[in-house]
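The values are calculated or read from the model by the stated rules, or taken from the named source; none is laboratory data. Since the structure is predicted, the reported quantities are computational estimates derived from the model, not experimental observations. Glycine gets a Cβ as well: all are built from the backbone with ideal geometry, and neighbour counts include every protein chain shown.
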Amino acid sequence: MEQLTWFGAPGAIFAWPFYIAAGLFFLAVAASLVGYFGNVAAAMAGADGAKAATAKISSLAASLAKWPGLVIAAIIVLYCVLSIFYGAQERGIAGNVFMRFGPVWITMIAIFAVSIALKKNLGLYGKLFQSPVGMIGFALVVFWVLTALFGAFDMIVTHDPLDQIARLKNDPPGSPLPSTEDGEYPWFLLGGDNLGRDVFTRMVSGAGVVITIAPLATFFGYIVGITLGLPAGYYGGRLDTILSFLANLILAFPVILLFYLLVTPEIVQTGIPVFMAAVFFIFPIVFITVLLNSRYKVLPHIRNPLLAVVLVLAFWLYLSTVSDTTRNPGTFLDFFPSGIDLFNIPGGVLVVFIAVVFVNSPTIFRIMRGLTLDVKNRDYVAAAQTRGETPWYIMLWEILPNVRGPLIVDFCLRIGYATILLGTLGFFGLGLPPESPDWGSTINAGRKLLSVYLHPAITPAMALLSLVLGLNLLADGLREQSLKD
Amino acid sequence: MALFFLRRFGVMVITAICLTFVVFFLTNLYPNLEKLAKTQGNFRMSEEEVRNWLEPRGYLQSTPKKYAEWLGVAPSMRTVTEDGRVLSRCVTPGVDPATVGDYCGLLQGYWGYSSVFKVPVGEQLWKWLGLTGYLMMWALIVTVPIALVIGILAGMREGSGTDRSLSTFSIVTSATPEYVSGVVLIAVFASSAVGLKWLKGSSAQAMENPTIDNFLLPVLTIALFNIGYIARMTRASMTEVMTQQYIRTARLKGVNFTNIVIKHALRNALIAPFTVIVLQIPYLLTGVVITETLFNYKGVGWGLVQAAGNNDIEMLLGVSVVSVVIVLLTQLISDIGYVFLNPRIRIS
């Protein structure tokens, strides 16, 4: 097998049309910018004639930029379609990467087709498909979620994320393997890293790590923030003072210092993060118990069996999560017999998880408290109070559903922030083991030789950027659509 | 009003004490002390020897007592060894023990002695602070005007083409953490393999001799993320102001658009960004740590990474105190500034 070129044979067909379209596009964008600033300058100077002229140029150039933009998009689509018909060697790197993501594209097309067809009946989710910004964001997020999902089933990856091929250390994208066994993928599509591992595979498996930890950690942060923020806002008084003081205390730590204090090996050795996990994981149990209890209090024949089943399940999960006979021998957290212990979370993952929850929950607490303060004087709350509902019923079944809009928007943004935090932890080599394929750790490994070999660091950096960007755009689209109601 | 500031200041002092105590507790946990003993003594020490090393130096006292010593409100423990050496946290190498007083802590201006850099912590911290302050100053000089201009231009006509393109720019930059933008900037401007090769990817020389060559990239790296964030906040505030009644009144009485933006809208729209900018400084700290590490610029952030990585307890405490004080001060300034800028609060 030979070295792959970037765009292969189908790329050669489109090279000149693409260059011309790209050149025209940049010219038009530049013209519209120049026209715009000329417009501003003319307006400042008060010259109305010049202003009108430049405004015309600006809008004309902006509409002209649309055409080369469309041509570029069409060329990209055509390239992808054409590359299906070429062999793997002629297809080039881009074509092969496109083909590897095949299952993701098919699923994405299916999701979009169904969602757009049914968008009138899907509530806020359906409205998302009326805003281009929201759709782009949703597409980016879905792309990474599906990549993580299929990657977990070994569908997109080309090699093992930990396999090292010494001959391919730092080799550029498209390098062929020195010798291929049967069924082995013959190239390192995006090159090799400093230990000779496949950069493409590590990026895809990294998506798995990030996509599981970031949303889950954000979710737990939300449970903690909601469980504490609702009563703080609703009752006020001393409870509010104490909780707010504690939240401000955590918020006054620079995030990075907190990480260095919590996630260093010495602190992990003392077991403090695991004890914190034991405390944080109680909140979901409290939350769900209060949630069900406040709803079914008046129907004891439903409440009692329901709560019993839920609590047993919840405690089983809780003990499985917290207790780990391999990690904490001798401490009070290794009591759970391994026979009924469902799973053990690897130590590094748990520590990172807790750090992200810990950093996020005070902000969520403040948001929840503010929303509660805002809403608690509304008429429907007064109506519920007059009906004689319990305070927790009012908080969880009246206030919480009515503030869901801003919470959903913030949830999207906060997953992006959690992704950035995970990357920061990886960048400083904290928590996760150094061979972990998550994007932060790979950027950290790649940055040492950054000025010579770009691809090992640039690939995960772009992946992280696109996921966070997608989440931000999604949040923007959701906000825009929910404000229209 | 005076009472408000006094109460605010009181809460700040209590917060500072709580925070430094937490940091002190976490840095003085036994595994950290054990590692300290082993790096200072030798690596093959037994459990017994570790305790014997820690005991006379006062490391095995209770945490509140040690914290009081560190703060300078309790006399430090002093042990005289058999061969006449005085062991105490007050006695730095090269200082005559007889001249040192009983109290040595933060209140006396003594920050401890760095076990890694072999210099007094206070001295080293000031040097680092100067360098980091310089970096942050330039980052803010680049960030604030650009962000405000982008935010105002985008927010004055909501939904226009300008708004959409500038908003896209700010969303993209605020989705780019420093370790991503730094990597991309190095790839584009400094990589020796491909790219433009205009600038240097390391700022190791920028401490003595900052030039555009070695200083622009770290400044840009910090600025990019914050530009996006502050611009979005400014835009939100600007769009809100532009829908107010008094703006409509001004338009209806025939004031031209430029005057409306500059004279009527701007002053009201800048109250919120002021708070955002001041509160952004603590987040800038995280960015500074990442950037200094990435570009090898030896300031407080680089120092934090070194101190934490090498278990330099006193230095880590010093850096923590500095950053906690910066965070609390910025919160205080933003509160006070908000009160002064916002006439509705000032009058009531």
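For this structure, a couple of remarks:
- Residues that are exposed (fewer than 13 other Cβ atoms within 10 Å of the Cβ) and free of Cβ contacts under 8 Å to residues at least 60 places away in the same chain within the range A:165-195 comprise A:Ala166, A:Arg167, A:Pro178, A:Ser179, A:Glu181, A:Asp182, A:Gly183, A:Glu184, listed in sequence order.
- Filter result for B:Thr39 (buried (at least 17 other Cβ atoms within 10 Å of the Cβ), within 14 Å of chain A (Cβ to nearest Cβ), touching a residue at least 40 places away in the same chain (Cβ under 8 Å) and not hydrophobic (A, V, I, L, M, F, W, C)): no
- Residue within the range B:163-182 that is of a type outside the set (Lys, Arg), at positive phi and at pLDDT below 90 present: no
- If you go through the range B:165-179 and keep only what is more than 9 Å from every other protein chain (Cβ to nearest Cβ) and within 21 Å of the chain's Cα centre (by Cα), you end up with just B:Thr173.
- Contacts under 8 angstrom Cβ, first residue in the range A:199-227 being closer than 30 Å to A:Pro172 by Cβ and free of Cβ contacts under 8 Å to residues at least 40 places away in the same chain, partner surrounded by fewer than 24 Cβ atoms within 10 Å (Cβ to Cβ) and aliphatic (A, V, I, L, M), 6 or more apart: none
- Subset of the range B:307-327 [away from chain A (no Cβ under 11 Å) and part of a helix (DSSP H, G or I)]: B:Glu314, B:Met315, B:Gly318
- Residue within the range A:123-135 that is surrounded by 17 or more Cβ atoms within 10 Å (Cβ to Cβ) and assigned to a loop (DSSP other than H, G, I, E, B) present: yes
- Taking the range A:205-277 as the region of interest, the helices (runs of 4 or more DSSP H) fully inside it that hold 1 or more residues being at pLDDT 90 or above and closer than 26 Å to A:Gly416 by Cβ are A:237-251.
- Taken as a whole, the condition of being more than 10 Å from chain A (Cβ to nearest Cβ), free of Cβ contacts under 8 Å to residues at least 60 places away in the same chain and among the hydrophobic types (A, V, I, L, M, F, W, C) does not apply to B:Leu270.
- Residues located in the range A:376-401, provided they are at pLDDT below 90 and within 13 Å of A:Leu230 (Cα to Cα): A:Lys376
- Answer from B:Gly84, B:Gly41, B:Gly58, B:Gly109 - the residue that is at pLDDT below 85 and under 24 Å from the mean Cα position of the chain (by Cα): B:Gly109
- All of A:Gly236, A:Gly229 fail the test of being surrounded by 24 or more Cβ atoms within 10 Å (Cβ to Cβ), within 30 Å of B:Arg7 (Cβ to Cβ) and of a type outside the set (Lys, Arg), apart from A:Gly229.
- Residue count, the range B:1-35 (criterion: facing another protein chain (nearest Cβ under 8 Å), under 18 Å from the mean Cα position of the chain (by Cα) and among the hydroxyl-bearing types (Ser, Thr, Tyr)): 1
- Residues that are closer than 23 Å to A:Phe7 by Cβ and part of a helix (DSSP H, G or I) within the range A:161-201 comprise A:Leu168, A:Val199, A:Phe200, A:Thr201, listed in sequence order.
Rundown of residues vs (1) touching a strand residue (DSSP E or B) at 6+ places or on another chain (Cβ under 9 Å); (2) of a type in the set (Gly, Ala, Ser); (3) closer than 16 Å to A:Ala148 by Cβ, yes/no style:
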position: A:Asp438; (1), (2), (3): no, no, yes
position: A:Asn444; (1), (2), (3): no, no, no
position: A:Arg447; (1), (2), (3): no, no, no
position: A:Ser451; (1), (2), (3): no, yes, no
position: A:Leu454; (1), (2), (3): no, no, no
position: A:Ala457; (1), (2), (3): no, yes, no
position: A:Lys484; (1), (2), (3): no, no, no
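- Hey, B:Thr221 touching an Asp or Glu at 6+ places or on another chain (Cβ under 6 Å) and either in contact (Cβ under 8 Å) with a residue 60 or more places away in the chain or assigned to a helix (DSSP H, G or I) (or both) or not: yes
- Restricting attention to the range B:42-54, the residues that are surrounded by 15 or more Cβ atoms within 10 Å (Cβ to Cβ) and either in a helix (DSSP H, G or I) or at the interface with chain A (Cβ under 10 Å from one of its Cβ atoms) (or both) total 4.
- Test for B:Ser237: is it within 13 Å of chain A (Cβ to nearest Cβ), assigned to a helix (DSSP H, G or I), buried (at least 22 other Cβ atoms within 10 Å of the Cβ) and hydroxyl-bearing (Ser, Thr, Tyr): no
- Criterion applied to B:Gly337, B:Gly303, B:Gly287 was being under 28 Å from B:Phe25 (Cβ atoms), of a type outside the set (Val, Ile, Thr) and more than 11 Å from every other protein chain (Cβ to nearest Cβ), and the one residue passing it is B:Gly303.
- In the range B:1-41, the residues that are β-branched (Val, Ile, Thr) and closer than 17 Å to B:Met315 by Cβ: B:Thr20, B:Val23, B:Thr27, B:Thr39
- Of all the criteria given as (1) over 30 Å from B:Ile212 (Cβ atoms); (2) modelled with pLDDT of 85 or more; (3) under 14 Å from the mean Cα position of the chain (by Cα), the one not satisfied by B:Gln331 is (2).
- Top-ranked residue in the range B:145-164 [being facing chain A (nearest Cβ under 9 Å) and of a type outside the set (A, V, I, L, M, F, W, C); ranked as farthest from B:Tyr283 (Cα to Cα)]: B:Gly161
- Number of the exception - B:Lys298 against (1) closer than 30 Å to B:Tyr59 by Cβ; (2) assigned to a helix (DSSP H, G or I); (3) more than 9 Å from every other protein chain (Cβ to nearest Cβ): (2)
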